[in-house]
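Undergrad: Below is a structure I'd like to ask you about.
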Amino acid sequence: MKDPLDMQSPEERELFNAISRLVVGRPLHVVWGVGCDLIVNAIRQSTAQRKDAESRINELFNHIKTVTLDLHYDSVTGLRRGVIPHTQVIQMPFHDEGNVIFHGK
């Protein structure tokens, strides 16, 4: 099965790759925050009325929910599906808590 994120237009793929390079090693909450900020900024700059902005938000997040849950998680087990290759990976930085097991302190 082809990864649904690979079905984007060339322009979307180019921008996704550029942003992906910038978020490598960043904390997950920062990546989520930046993603949300980009969505909020795009909606507020392109939509003059609240009702239209709300409609756009609902449409967008329904799409996100469908792609994420229906394509990436099994509805019976609730587990992430392993059939789609993870070609997009967010790498978290290693955080050392001073664990004596790893460092023998």
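Just so you know, all these numbers are worked out from the coordinates, no wet-lab data involved. Everything numeric in this text was worked out from a predicted model, so none of it was measured. Here the Cβ positions follow ideal geometry from the backbone for every residue, glycine too, while neighbour counts run over all protein chains shown.
Undergrad: Work out, step by step, the length gained on full extension between R81 and H29: first 0.36 nm times the residue separation, then minus their alpha carbon distance; give nm to one decimal.
TA: Values: separation 52, 0.36 × 52 = 18.72 nm, distance 2.33 nm.
Extra length available between R81 and H29 comes to 16.4 nm.
Undergrad: Report the extension gain between D37 and S20 in nm, rounded to one decimal, defined as 0.36 nm multiplied by the number of residues separating them, less their alpha carbon distance. List each step's numbers first, then the result.
TA: Numbers: separation 17, 0.36 × 17 = 6.12 nm, distance 1.56 nm.
Gain in length upon complete extension: 4.6 nm.
Undergrad: Please list the non-local residues whose amide H lies under 5 Å from the amide H of Y73, H modeled 1.01 Å from N, same-chain partners needing a gap of 5 or more.
TA: Excluding prolines and chain starts, which carry no amide H, the hits are R81.
Undergrad: Same structure, new question: Could you give me the ³J(HN,Hα) list for the range 22-38, computed from phi with Karplus coefficients 6.51, -1.76, 1.60 and θ = phi - 60°, whole Hz, x at Gly and Pro?
TA: Result, rounded to whole Hz: 6, 9, 4, x, 7, x, 4, 5, 6, 4, 4, x, 5, x, 5, 4, 5.
Undergrad: To the nearest 0.05, what FRET efficiency results for L71 and Q49 with a Förster distance of 35 Å applied to their C-beta separation?
TA: On the way: r = 32 Å, r/R0 = 0.92.
According to the calculation, E is roughly 0.65.
Undergrad: Starting from the Cα gyration tensor of the range 17-78, take the square roots of the eigenvalues, sort them a ≥ b ≥ c, and report rounded, prolate or oblate (rounded when a/c is under 1.5, otherwise prolate if a/b is larger than b/c, else oblate).
TA: Numbers: a/c = 2.79, a/b = 1.15, b/c = 2.43.
Judged from the Cα gyration tensor, the range 17-78 comes out oblate (a/c at least 1.5, b/c at or above a/b).
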